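Here is the structure we will look at, set down as structure tokens.
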Amino acid sequence: MLKELLAAGKSGDKVRLFMANRSGLYEIEAILNQKSEKSFQITPKQ
């Protein structure tokens with residue numbers, strides 16, 4: 001779902017992301033860029 005929402009945005013659009021963990025709720029503002037390949041990887045903790 002997140003991938004589709006971000007793909008619908010245009011380069012230069014601002015998006016707000018909300019994340020939660022045990023420490024609390026965090027808000028991050030990001031500006032979309034034209035690069036569409038993943039620059040990160042999520043791996044399970046071993």
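The values are calculated or read from the model by the stated rules, or taken from the named source; none is laboratory data. Note that the structure is a prediction, hence the values are computed from the model and not measured. For neighbour counting, all protein chains shown are included, and Cβ atoms are generated from backbone atoms with ideal geometry for every residue, glycine included.
When you scan the range 28-45, do you find a residue that is acidic (Asp, Glu) and exposed (fewer than 10 other Cβ atoms within 10 Å of the Cβ), even just one?
The first filter runs over the range 28-45 and keeps only residues acidic (Asp, Glu), leaving 29, 37.
After this cut, where a residue has to be exposed (fewer than 10 other Cβ atoms within 10 Å of the Cβ) as well, the list is 29, 37.
Within the range 28-45, one or more residues are acidic (Asp, Glu) and exposed (fewer than 10 other Cβ atoms within 10 Å of the Cβ).
Criterion applied to LEU2, LEU6 was being at pLDDT below 90 and touching a Leu at 6+ places or on another chain (Cβ under 8 Å), and the one residue passing it is LEU6.
If I go through the range 13-46 residue by residue, how many of them are touching a helix residue (DSSP H, G or I) at 6+ places or on another chain (Cβ under 8 Å) and of a type in the set (Gly, Ala, Ser)?
Here is the first cut: in the range 13-46, the residues touching a helix residue (DSSP H, G or I) at 6+ places or on another chain (Cβ under 8 Å) are 15, 32, 36.
From what's left, of a type in the set (Gly, Ala, Ser): 36.
Total meeting the criteria: 1.
Checking each residue of the range 12-21 against the condition of being in a strand (DSSP E or B), surrounded by 10 or more Cβ atoms within 10 Å (Cβ to Cβ) and not acidic (Asp, Glu) gives at least one match. Of all residues in the range 22-46, those being over 14 Å from the mean Cα position of the chain (by Cα), of a type outside the set (A, V, I, L, M) and not in a loop (DSSP other than H, G, I, E, B) number 1.
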